[in-house]
Amino acid sequence: MNILLIQPENLSGLVKDRGFIPVALLYLASALRDHSHKPHILDFSVLDIPKDNASRIAFLENTCNAKIKKFGVKLVGINCFSTMHYPLVDELAKFIKRHNPAVKICIGGAHPSFFGEEILSNSEYIDYIVVGEGEEALIGLADIIEKGDDTLTHEADISNIPAIIYRDKNREILENPRKSYIKDINILKMPAWELIDLTNYYRNKVSVQENIHTLNVKRIQKAVNAQLETKGCKMTTDSPDFLISMHVAKEEKMDVRAWNYSYGGRAMLHGGSYAATTQYDVYQYEEGTFVLDFVDAQSRELIWRGIAQGEVRNYSNPVKRNERINEVVRNVLSNFPPVK
Ligand code: B12
């Protein structure tokens, strides 16, 4: 059965960055898939939500409804990450029910795990709450809904689902106890990463793999720019000769797709033209590796690469850290430009 899993938009005023990896939904999706269901993820945290309220509501409604219609969805699961997310979750449930009254809505996450009963007492739109780990409960619910809505009124079926809060046919709120927590998390399937586009979650265009403090990225860029200026290259947005992509690997043995710009590597534009050399695709780097790739602006071929290993560390003293960054960058760029 097709199931739509939704992460609400970002908390306004709290979160400036776009995109929170919907870890819970990815785990739930892989569990559902393992039981022959077809999950789809709709992550509003990576979408550009219109600011004006009427347009915002229309956008949320239309986006949900289009997915529900496209996949013939009968069950929607919404992640309620925190208490602050709850108004967004209830609002989404309302928008969905307004156009799809037969669609069942289930929510889970930190807030509903503690306030499930209150939520069902007050919300007209939410049908089920899952308390705590949601894999088994959501699969159980999906299996029942797939058989047809009527079976939901059969208490025998639903009472077998652990850790779920629901209304019976008299609209009385019932809570099934949790049997136990998942004792061996290794039984869980890997999150269904392929259901999202990871590039949507990069921070400030620095990839998840490059995971380094934004300020350090800025310092390194500044140092690179200063070095390149001494070599006669000027930053430009107008017909550049080459692009630069920077990668910093903090953890051991990290794959870095070195110059695929669609991965959002931070590109800076400079003037000056250089000969092409060999092209690389995937690398493994040890902790603290700092890589600067120069890519031909036209052909997108790698023309030069500078690597420093074990050089990127956390310095508590900002002056020392800046000196170190400048030194590392100077060393890396000492052989640039390559001899034609
Ligand atoms: C990692 C984490 C973060 C990361 C999130 C990384 C990411 N995903 O991108 C960061 C650091 C960014 C973060 C930020 C915040 N966090 Co935080 N975070 C956590 C933490 C430690 C783990 C959450 C997690 O990913 N767990 C792993 C997944 C697999 O488990 P899960 O989310 O619980 O999901 C399972 C179940 O809940 C359930 N489930 C979840 N959703 C759904 C949906 C359906 C349909 C179903 C059926 C089941 C279900 O099934 C899932 C799989 O078993 C929790 C504490 C904790 N130990 O849970 C706090 C926690 C969730 N965070 C909390 C808070 C408050 C925040 C912030 C609001 C803090 C702030 N003021 O900025 C922000 C909000 C971020 C946002 N999204 O807007 C609180 C929420 C408490 C509350 N009642 O509000 C928690 C509980 C910490 C705490 N004890 O205070 N957080």
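So, R0 is 56 Å and r is the distance between the beta-carbons of H35 and A297; what FRET efficiency does that work out to, to 0.05?
Details: r = 49 Å, r/R0 = 0.87.
Plugging the Cβ-Cβ distance into 1/(1 + (r/R0)^6) gives 0.70.
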Here are some pairs, K70/K97; K97/K189; K69/K179; which of them have Cα atoms lying more than 28 Å apart in this structure?
K97/K189; K69/K179
If R0 = 30 Å, then W193 and D52, at their Cβ-Cβ distance, give a FRET efficiency to the nearest 0.05 of 0.35
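What is the extension gain from F114 to N62, computed as 0.36 nm multiplied by their sequence separation minus the C-alpha to C-alpha distance, in nm to one decimal? It would help to have the intermediate numbers written out before the result.
On the way: separation 52, 0.36 × 52 = 18.72 nm, distance 3.08 nm.
Gain on stretching F114 to N62: 15.6 nm.
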So, R0 is 56 Å and r is the distance between the beta-carbons of K234 and A102; what FRET efficiency does that work out to, to 0.05?
0.35
Placing one identical point scatterer on every Cα of the stretch 2-199 and ignoring solvent, what is log10 I(q)/I(0) from the Debye formula at q = 0.09, 0.13, 0.15, 0.19 Å⁻¹?
-0.31, -0.66, -0.90, -1.51
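Taken together, the values in this text are just the output of simple stated rules run on the coordinates, not laboratory data. These numbers were taken from a predicted model, which means no experiment stands behind them. Ideal geometry is used to build each Cβ from the backbone, glycine not excepted, and the neighbour counts take in all protein chains shown.
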